[in-house]
1. Measuring from label point to label point, each 7 Å out along Cα→Cβ, what is the residue 46 to residue 151 span in nm?
2. Can you give the relative contact order of region 83-153 as a percent, counting alpha carbon pairs under 8 Å and 6+ residues apart?
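The numbers here are math on the coordinates, done by the rules we state, and not lab data. None of the values given here were measured: they were computed from a predicted structure. So basically every Cβ, Gly included, is an ideal-geometry build from the backbone, and we count neighbours across all protein chains shown.
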């Protein structure tokens, strides 16, 4: 009886953990929420609280065993990718071709990554913005005309 139980449990684990790392949406949402705490000291205290009371561990375990498996076998995650800031909410849809559809109340665009370049396209495929890293290790964002609109240090 004990061997049967161990074999059944091993079978469930093999089927449940599909060797697909998955997107870990729940863990990412928790991390995004934690990073949006306004004060850096408060952010650190909240982070430590979430680690001491194993909220991160529970979210990661839930993603690894349950939600990523559901997405792998069913094709759609039960965890929605909603990012919100203030009054604006953004819905992320991960497409099979590797692109990401961003939808908000003000419009939508598609993010596409090829050869280290990330492009933001409108829904008709027209390039809105392009981001790439230069030799100086800075990320530059270019508008559709090729003009630099923003520069970031890669570390930030």
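1. Each label point is offset 7 Å from its Cα along the Cβ direction, giving 3.2 nm.
2. 15 percent
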